[in-house]
Amino acid sequence: MSGADVATGGRAEGRLVLLGNAIVDLVMRVPSVPERGGDTVSTDTTLTTGGGFNVLVAARRLGLPALYTGAHGTGPFADRVRTDLAHEDIEVLLPPLAEADTGFCVAFVDDDGERTFATSLGAEARLTEADAATVLAALRPGDLVQISGYGLAYPVNGPVLASLIARLPRDVRVFLDPGPLVADIPPDVLDPVLARSDWITCNQREGRLLTGLDDAPAIAAAIAARLGPDTGVIVRADAAGCRLVPPGGEPVHLPGRRVTAVDSNGAGDAHTGAFLALLGSGLTPVEAARGANAAAAFAVTRHGPATAPTGGELLGFLDGDPLVARLPPAVLPPGRERPTARADQRSRAEGGGLVP
C-alpha cells in the first residue's frame with residue numbers, strides 16, 4: 001500500500017503539494033542579535049533542512065501525503081535537502097539543476113526564542129515555465145497547494161508561480177502564507193495569487209504589512225473583507241492562539257496553549273502544516289485550527305525548525321482534550337483505537353475545541 005493509501009485509510013486522495021522552497025538552515029543560538037557593527041558568540045550551531053520543508057514535515061507527520069515541487073540543485077546543501085525529504089517520506093517532483101546548489105538561511109535564535117534570518121538564494125530561486133508545466137500536469141483533484149510569499153518575492157520565481165496559481169483547476173485548494181517578505185512582492189504577482197487563494201494564513205507582523213493594521217481581529221477582518229466570503233483567513237498570534245474567519249463564516253478567536261517556549265523557529269510552519277493535514281482529513285476549519293494551535297505550541301517546546309508533532313505526540317500533548325475524539329484515523333498511531341462514542345459526543349457538545 002502506498003504512503004497516500006496509508007494516510008487516507010486505504011483511499012488515495014489529496015496531497016499537500018508545496019510550491020515553496022526547501023533550503024538549508026544554519027541555526028545559531030545567541031544571547032541576543034548583535035547591534036549593527038557588533039559581534040556575538042553562538043552558544044550552539046546546527047545545520048538543518050528548513051524553509052518549506054517544515055510545512056511538509058508538519059503535514060506528513062499527521063498523515064497527509066506530501067509532494068515537494070520546488071526547484072533544487074546539485075551540491076552538499078541539495079543532497080542534504082533530498083535526504084531529509086526522503087527520510088520524512090516526502091516525494092520530490094522535479095529533477096535537480098546541475099549548475100547550482102540549493103540555497104541556505106542563517107537563523108539567529110536569541111535567549112527569548114525569537115529568530116532573525118538572512119537568506120542566500122540558490123537553485124530553489126530558479127523555477128522555470130517548464131517546471132510549472134510539470135507541476136500542473138502532476139496535480140490531482142483534491143490536492144492542497146501551499147505557496148509561500150518567499151517564492152513570490154523571488155524575481156525569477158514570482159511571475160512563474162503567479163501564472164501557475166492562476167491556471168490551477170478549481171478542484172485544487174490553494175493556501176497562501178504571505179511570509180515576512182510580503183511587502184516586497186510586486187502587486188502583479190501577489191494580487192492574482194490572493195484572488196485564487198482559498199485560505200490565507202499569516203502572523204500578525206505579516207498581516208500588518210498586508211493591511212496596515214496592528215491587532216489580529218482587525219487584520220483578519222480586513223483580509224476577509226478584501227478577499228470575499230469564499231476565502232478563509234487565519235491570523236496567528238503566537239501564544240494567544242489565532243484568529244480564524246472561515247469561508248462565509250463569522251470570525252472566532254481560538255486560544256493558544258500555555259507552554260514554556262525554547263525556540264519559536266518553525267512554529268508558524270508547524271501551525272500551517274497541521275492545519276492543512278487536519279483540514280484535508282475532514283475536520284472543520286475550527287477543529288483544524290484548534291489542532292494547529294496545539295501543534296504549534298508543541299513545536300516551540302523543542303529546539304529546531306522541523307519540530308512539529310507526530311500523531312502520537314499530538315495525542316499525548318492533547319491528553320484528555322475532547323478534540324482527540326475528532327482526530328481522523330490518519331493521525332492515530334498504529335494500534336491506537338478511536339476514543340469512545342461518549343468522548344466523541346462530549347467533543348461535539350463542546351464544539352470540538354481545545355480546553356484552554
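The values are calculated or read from the model by the stated rules, or taken from the named source; none is laboratory data. These figures come from a predicted structure and were not determined experimentally. FYI the Cβ positions are ideal-geometry reconstructions off the backbone, even for glycines, and counts take in every protein chain you see. For the accessible areas, the whole protein counts, side chains as well, though only heavy atoms, and no ligand, DNA or RNA atoms are used. Shrake-Rupley method; radii C 1.70, N 1.55, O 1.52, S 1.80 Å.
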query: For the stretch 132-285, what % of the accessible area comes from carbon and sulfur atoms, probe 1.4 Å?
result: 55
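May I ask you to give the solvent-accessible area per residue for the chain, in square angstrom, as obtained with a 1.4 angstrom probe? Mind showing how you got there, number by number?
Numbers: 15020 Å² over 356 residues.
Per residue, the chain has 42 Å² of solvent-accessible surface.
Ranked highest first by the average count of other Cβ atoms within 10 Å around their residues, in what order do 33-46, 278-291 fall?
278-291, 33-46
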query: In whole Hz, what ³J(HN,Hα) sequence does the stretch 119-127 give by Karplus (6.51, -1.76, 1.60; θ = phi - 60°), x for Gly and Pro?
result: 10, 10, 6, x, 4, 5, 9, 10, 5
- prompt: If you count, for each residue, the other Cβ atoms within 10 Å and average over each peptide, how do 139-150, 90-101, 224-235 line up from highest to lowest?
  reply: 139-150, 224-235, 90-101
query: Running Debye on the chain with equal point scatterers at the Cα sites and no solvent, what base-10 log of I(q)/I(0) appears at q = 0.06, 0.11, 0.13 Å⁻¹?
result: -0.20, -0.70, -1.00
- request: As a check on your grasp of the helix formula, calculate [θ] at 222 nm for the chain: sum -39500 (n - 2.57) over DSSP H runs of n ≥ 4, divide by the residue count, round to the nearest 500.
  value: -10000 deg cm²/dmol
- prompt: Going through the DSSP H helices of the chain, which span 15 Å or more along their own axis at the Cα atoms while scoring at least -0.5 as a mean Kyte-Doolittle hydropathy?
  reply: 216-227, 267-280, 285-299
statement: Within the chain, the percent of DSSP beta bridges that are antiparallel, given to the nearest 5, stands at 45
